[in-house]
1. Of all residues in the stretch 1-42, count the ones that are of a type in the set (A, V, I, L, M) and part of a helix (DSSP H, G or I).
2. Would you call Phe206 within 16 Å of the ligand (Cβ to nearest atom), within 25 Å of Arg142 (Cα to Cα) and touching a residue at least 60 places away in the same chain (Cβ under 8 Å)?
3. Criterion first (within 21 Å of Lys8 (Cβ to Cβ), part of a loop (DSSP other than H, G, I, E, B) and either hydroxyl-bearing (Ser, Thr, Tyr) or within 17 Å of the chain's Cα centre (by Cα) (or both)) does Val164 satisfy it?
4. For the stretch 212-249, what are the residues that are under 18 Å from Lys150 (Cα atoms) and either under 20 Å from the mean Cα position of the chain (by Cα) or within 11 Å of the ligand (Cβ to nearest atom) (or both)?
5. Need pairs with beta-carbon distance below 8 Å; first residue acidic (Asp, Glu) and within the stretch 48-69, second surrounded by fewer than 21 Cβ atoms within 10 Å (Cβ to Cβ) and part of a strand (DSSP E or B); sequence gap 6+ or separate chains.
6. For the stretch 94-107, what are the residues that are surrounded by fewer than 17 Cβ atoms within 10 Å (Cβ to Cβ), in contact (Cβ under 8 Å) with a residue 40 or more places away in the chain and not basic (Lys, Arg)?
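Rule-based calculations on the coordinates, nothing more; no lab input. Given the structure is predicted, the values throughout are model-derived calculations rather than measurements. Glycine also receives a Cβ, built like all others from the backbone with ideal geometry; neighbour counts cover every protein chain displayed.
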Amino acid sequence: MVEGPTAKAYAVKINREFIKEIIKEISTKSRKVYVPLDELLGKKFSKAETYGKNILLFFEEFAIRLHLMMFGAIHIYKLDAPLLKPERQVRLLIKGERKKLVVYNAPIVEIDRKRKLIEKLKNELGPDPLRQDWNREEAIRRIMKYKGEKIGVVLLDQSVIAGVGNILRNEILFKAKVNPERLVADLSKEEIEAIVKEVEELSKKFLELKLQGKRLRPILYVYNRYSKPCRICGNKIRFYMQEPIKRKTFVCENCQK
Ligand SMILES: [Zn+2]
């Protein structure tokens, strides 16, 4: 699953490897193309950035939004190099002057004017801990709007905080010492602040590891550690599917009250 930090690491790589390429050829299987594709020919790639789990590629006044979900991948090859995955998995292909950018299996590929795409994402998504415009107070305010909901459910809602996926969610709640079943209304201000602080710190930590090409596993406290001893208290980690979202949930019931 691509979470905010994975998306951001992709953007960093694209900025490094595809910079200043000019579109010579573009094709996509997506239907979410809201401008004539021909208009993108000759446009120069300026940068990639992320908003939550979305990757945005900017080509002058146009933008392409990618969401990789579970199985999507972005590869950059030399122009004459063969594709590393089957042709039928290609969702977007952009040929530049020296390199080509290939997006495989991404469920969302959207092409539109830059201004419209950014506006749309800003309306859909909450603050993103990996963006310059991250706003801790706004994140707290948005969590508190869902008083009757479980904190474990609220944290995955991209309109509350953008970029938190299931691994981050489990680890954030462990570090903040909060049980995912607790209702937002029952959390103290300090607990919510601790959660938001961990959203920020863990997202940055995950990104740092991704950029170094390192695995997350060694730093995880609960995720995929079912029945293993808690690294803090030695209690066995419990695993269940949290309702109603039916997502894998790991908790140390001794540490997380
Ligand atoms: Zn514990």
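1. 7
2. No: the conditions fail for Phe206.
3. Spelling it out, Val164 is indeed within 21 Å of Lys8 (Cβ to Cβ), part of a loop (DSSP other than H, G, I, E, B) and either hydroxyl-bearing (Ser, Thr, Tyr) or within 17 Å of the chain's Cα centre (by Cα) (or both).
4. Arg238, Ile245, Lys246, Arg247, Lys248, Thr249
5. Pairs that qualify, where the first residue is acidic (Asp, Glu) and the partner is surrounded by fewer than 21 Cβ atoms within 10 Å (Cβ to Cβ) and part of a strand (DSSP E or B), are Glu49/Leu56; Glu49/Phe58; Glu60/Lys44; Glu60/Ser46; Glu61/Arg113.
6. Listed by number, the residues that qualify are Glu97, Pro107.
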